[in-house]
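What follows is a short report on a single structure.
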Amino acid sequence: MRVKIRPRLRGAIVTMLAAVVLATTGCVSGGASRGGDVTGQDAQDAAGKTQAQVADLSLQDEFELAGERYEHGQAVLAAAQRQISDGTWYWNGGDVRPLPAGDDAFGKAPEGATKENSYAFRAVRIIEPEGATGAVEDLDPMQRYFDEEGWRWSSAKVGTDHEVRADTGDGWWVTWNVRPNGQYSLGVYSEAFWAHDAPELIKAIALRDPADFPDESEPGVSEPFPRWSDPVRQR
Amino acid sequence: MPVDRLVAQGHRPSSSVEEQIAIHTGVCVTIVFDDGAADALIAASEGASGGLRSQAMADRVRVEAAVREFHGSYATLFTTDSTIRSEDTQRLAGVFADLKTSIDRAKREAESERRRLRESREWSAREEEREQRRASGDPLAVASAYIDGVIDRRPDDTAVHPTPVTATFLPRARPRTAGGSSGSTSSADPDALLTFVGASRAADGSAGQHLIRVKNAWTRFCSACSWVPVQGSTVVAGFDQLMAENALEASWIEGIANAFDRAGGGGLSDLTLDAVATVIASPALSEMLRPGLTPAEVAAAWAKAPQTDEYIESLPLATQYLLANLDGIPAAKRDIASRAVLAAAVRDPERVYTLMGFGEQRVGRSDFEEQVNALQEAVDAADLSAETLPGPAASKTAQLVGFGVHDGALVAAVALGDLDTAKNVTVNVPGMNSDVAGMGERVVAAEGLLRQAHSDDRSQTYAVVSWVGYHAPNPAEVGAPDRSESGAGQLASFVDGVFDSRSDGGPDTVTVAAHSYGSTTAVQGLQLTEHQVDSFVSYGSVGFPRGTEIDDVHAVNVYATAAKDDPFAPVGQWLGVATRADPLGFDGVQEFSSEAAEGTRGVTGHDMWHDSDSDDVGYLSNDSTTLRTLAQIVADGKMGP
């Protein structure tokens, strides 16, 4: 393992300026600001919508729209899974509930997106092909699929893994990772979608989602997105 | 403790212990004295002495405030007990100051003896060589051997006899009943007494950390420095007894306050108050709840206590509070106690504010309430997150493993996953300005790490703890070492508790990850643990204390990373330049990148997680290079193949 001496401290002026900023801003583990965004009104989200275009949506409208987006993501996932195997895939947790997005989502976030006003989906499945050792050639089937779909893709070595990822061009990303331990994973991620109040929307979904998902399934099996009329659990 | 056990438990031998090993192989002869063990005891004694002295002074102020409205023979009893406590505490501080001096002297004597042995060995070698020359028959060689022998005088072979170490202390017993007649009465302001109890327990919590450190250092010293005779060493047991007395006193005063409260503010007969002393706690609980028990001792005491959920739910709030913050009992039980205290804090902030000892401190009530409410929201969100975690049903849980006070700050820890059964455990330590109000975002980051690790290796079960267990520094304090030194004991105790609370010896793989100033705290804490973790990962560090020997860190591998676009880590190092240095400059630290790579995002700021106020990528942001590498370290127990 390489051990090296890191270059020493930055220049004094930069340091002092940064010290002032440090003293005034702190280094907490991420901040959150609620509302008040005035920038990026025309910036388009993963679905090509601007904030103005979703401004009139009620929480129920947003909820149902999120359901449609979830279903689309699951379809992308199932199609990609079938390129590898129609057999058993292991789940990497439930994926009905979106996450706060902002700049944390895949792709370039629309200007003004924060964790408070945008959300994104993720879904990951795992497979353990017999005899798999994480060979870079095991990326090939997925690369061929990306080519067939006309998606831009790139591949890389990430630590001990090899990975290929593609931008579907319509707000979604697909990743395929192969690992030396023979555990391969397929991920589907959305870019950020606008919401009035992303935490509130996520909570509305979570409180209706029974989180009833299997440990393993064949491609095409997904947890149903809850209905707005479903009982809201009290927590 | 035999040397091989020291090594097996992760205490890598320092050079002098290696010399002991050499004794057994007959390579050389020296003494059994490990400088590292001596240094640890010196530091622990110095810390205990200073801490106890401060506590004794604070005690006096606290007592004066409590006795203002306290009248009658119980007031006299309280004052008498407090005087004994204060005097004993000061006396113990003095014993530790003397112990430090003794160990300092022992170190010097050991060095003198080593030097003498070395010089004697070297002279013998030279003399042997001269003897060969003398026997050679070559007149020139014989003459030169003779001259050499005249110049090279035999060194003094008088052995240095180490001064025996003596450290004795026994606390005095404190009376708890006035033995009064039915005619005499006492009266008091119950709130003032409860404020005293809360503050007293908080202070004992800090003193307890000193006791744990002293216990561990003393045990190590006795086994690794047996060259020095130890005579009359009752100091550790005496410290233990002092803490037990203090714990009993707090429960007793709490009982007195509650009795006055129930009486509605009037006086009570001394006979009634005498009864309080007999019902303050069960023996099993009293044994377990006294401050200063190591997590292993807590685990042993826990084994004798009733262990049902119902039992914990039935305990008084003050007892639940103590249980919530006890490292060494199962996380599921701490969770019950911690949630009960948190719920009480939301429902009745004033009560828990006083219980925690904030009554006499500058921490504002509104700030307290704000943090309590934010923590409750974070726990609720963690419960929701836990439902969707990967893995078996039993591991889809969130646990609040502690909710208390450290150095005047609210602290807590939230685990995603089952900390009692997970094969793979990560403890993530935050840095400057972190408090329990920010727990929600840390839990989101923890979920991202857990999912990424599971997608790397689904054969394991995972738990990731967001540990906000120490009073993190504010910007004005970040240059100083005080907060990290104080937090180190807290973290060590928590990490040891993860191991000791399990009957199976602990998780298969344990990682401690630490951000910014948290890495300063963690690198010191991991030198105090009894157990060895697999990986210690420092990210965006403001520096390790100068003089840190990575071999002394109880981690198989130590990793560090800092993004080139992180503007604050170098500033933090600069602010602490007198005492800290970049982790990457220490021998034994393995570096990994936080820069952008094909397929991962480079870290562009200093935050642990993603900051929605900027475009920065934080260290644990989704898809960051750091997160991906950290997840691989967590899943594999190491970096790379």
Tell me which trypsin sites (Lys or Arg not before Pro) from segment B:543-625 have a DSSP coil assignment and no more than 16 other beta carbons within 10 Å of their own. B:R546, B:K564
Taking every DSSP bridge whose two residues both lie in segment B:310-636, the antiparallel percent to the nearest 5 is 35 percent
The farthest towards the positive end of the charge dipole of the protein assembly as shown, of the residues B:A343, B:T158, A:G94, given +1 on Cβ of Lys and Arg and -1 on Cβ of Asp and Glu, is B:T158
Fewest-first ranking of B:I212, B:I42, using other Cβ atoms within 10 Å as the exposure measure: B:I42, B:I212
Built amide H within the under 5 Å cut-off of B:V468, gap 5+: B:A412, B:A413, B:V414
From the phi angles alone, apply the Karplus equation (6.51, -1.76, 1.60; θ = phi - 60°) to segment B:321-330 and give each ³J(HN,Hα) in whole Hz, x where the residue is Gly or Pro. 4, 5, 5, 4, 10, 9, 6, x, 9, x
Interchain or long-range residues, amide H under 5 Å from B:V427's placed H: B:V465, B:T511, B:V512, B:A513
Percent RCO, i.e. relative contact order, over segment A:49-217, from Cα pairs under 8 Å lying at least 6 residues apart: 30 percent
Per residue of B:562-575, what is the mean number of Cβ atoms on other protein chains within 10 angstrom of that residue's Cβ? 5
Residues B:V67, B:V468 arranged by fewest to most Cβ contacts within 10 Å: B:V67, B:V468
Relative contact order (%) - chain B, alpha-carbon pairs under 8 angstrom, separation at least six: 10 percent
Relative contact order of segment B:310-636 (C-alpha contacts under 8 Å, at least 6 apart) in percent is 14 percent
B:A555 long-range amide H proximity, modeled H, under 5 Å: B:V533
Low-density loop GluC sites (Glu not before Pro), segment B:517-625, at most 12 other Cβ within 10 Å, DSSP non-H/G/I/E/B, are B:E598
Need the list of lysines near A:K108 for cross-linking: C-alpha distance under 20 angstrom, and skip anything on the same chain fewer than eight residues off. A:K49
If each residue's Cβ is checked for other Cβ atoms within 10 Å, how do B:L194, B:L248 rank with the fewest at the top? B:L248, B:L194
Sites matching trypsin sites (Lys or Arg not before Pro) across segment B:360-409 that sit in DSSP coil, with at most 13 neighbouring C-beta atoms within 10 Å: B:R362
Could you give each residue of segment B:114-120 its phi-based ³J(HN,Hα) in whole Hz, using Karplus coefficients 6.51, -1.76, 1.60 with θ = phi - 60°, and x for Gly or Pro? 4, 4, 4, 5, 5, 5, 5
Determine ³J(HN,Hα), in whole Hz, for all residues of segment B:342-351 in sequence, where each value follows from phi through the Karplus function 6.51 cos²θ - 1.76 cosθ + 1.60 and θ = phi - 60°; x replaces Gly and Pro. 5, 4, 5, 5, 5, 6, 9, x, 4, 4
Taking 21 Å as the cut-off for C-alpha to C-alpha distance, list the pairs among B:K396/B:K423; B:K215/B:K423; B:K333/B:K423; A:K157/B:K423 that go past it. B:K215/B:K423; A:K157/B:K423
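FYI, it's all coordinate maths here, none of it is from the lab. Note that the structure is a prediction, hence the values are computed from the model and not measured. Glycine also receives a Cβ, built like all others from the backbone with ideal geometry; neighbour counts cover every protein chain displayed.
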